[in-house]
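Quick notes on the structure that follows.
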Amino acid sequence: MFNQAIVRVGIRYGVLCGLVSIVLVAAIYFMGYNPFGDIGRLTYVPIPIFIVLAIRYYKRYNEAELSFGKGARVGLSVAFYNALTAAMLVFLFIHLVGPEILQNHIAEMKALLDETREEQIQIIGEESFDNVYNALGSLTPSMQAADFFLWRLIVGSLFSVVAAVFYRK
């Protein structure tokens, strides 16, 4: 049931991936861009790389006849520890840099919503649009970290399934 080797590989590669992701966030920020906006999607690049490396490592050194289930568990373990590490480090990064990083992100998102107002109202309705627009003003570092965690977990889970299919016996 509980395989310590899977957890060890997941922690090793997940934490390394989280560290690489936060270095990318910091680099994007210090280059003058919004690391939580569209260019911030570059921070998702390490996720599939580290998932593939972790499954390959597990297959090579722990279990040569890797099943889909174990491959998926290794990938999900990496995705979880990556999301957890990156979210904690983003929370700390926001507090270290200061509130201006979050305020810049809020201003950019409001400008984007203003540009696409008509299309958004057609899709979700005016009341929902107003709720989303007003909710942006109350964005906190913990909410941003939770969003970072959730999206990294979703992306990592998708890549885990794909990599597990590729590496199964």
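Among all positions in segment 79-99, there is at least one residue which is of a type outside the set (Phe, Trp, Tyr), open to solvent by 30 Å² or more (accessible area, probe 1.4 Å) and at pLDDT below 90.
Scan segment 120-129 for residues that are open to solvent by 50 Å² or more (accessible area, probe 1.4 Å) and within 27 Å of the chain's Cα centre (by Cα) and report the count. Break it down stepwise before answering.
Residues of segment 120-129 open to solvent by 50 Å² or more (accessible area, probe 1.4 Å): 120, 122-124, 126-128.
In the following step, the residues that additionally are within 27 Å of the chain's Cα centre (by Cα) were identified as 120, 123-124, 128.
Residues in segment 120-129 being open to solvent by 50 Å² or more (accessible area, probe 1.4 Å) and within 27 Å of the chain's Cα centre (by Cα): 4 in total.
Selection over segment 7-27 of residues that are open to solvent by 10 Å² or more (accessible area, probe 1.4 Å), within 17 Å of Ser160 (Cα to Cα) and touching a residue at least 12 places away in the same chain (Cβ under 8 Å) gives a count of 6.
The values are calculated or read from the model by the stated rules, or taken from the named source; none is laboratory data. Remember, it's a predicted structure, so these values are computed and weren't measured experimentally. Cβ coordinates were reconstructed from backbone atoms using ideal geometry, including for glycine residues, and neighbour counts include every protein chain displayed. The accessibility values were calculated without ligands, DNA or RNA, using every heavy atom of the protein model including side chains. Shrake-Rupley method; radii C 1.70, N 1.55, O 1.52, S 1.80 Å.
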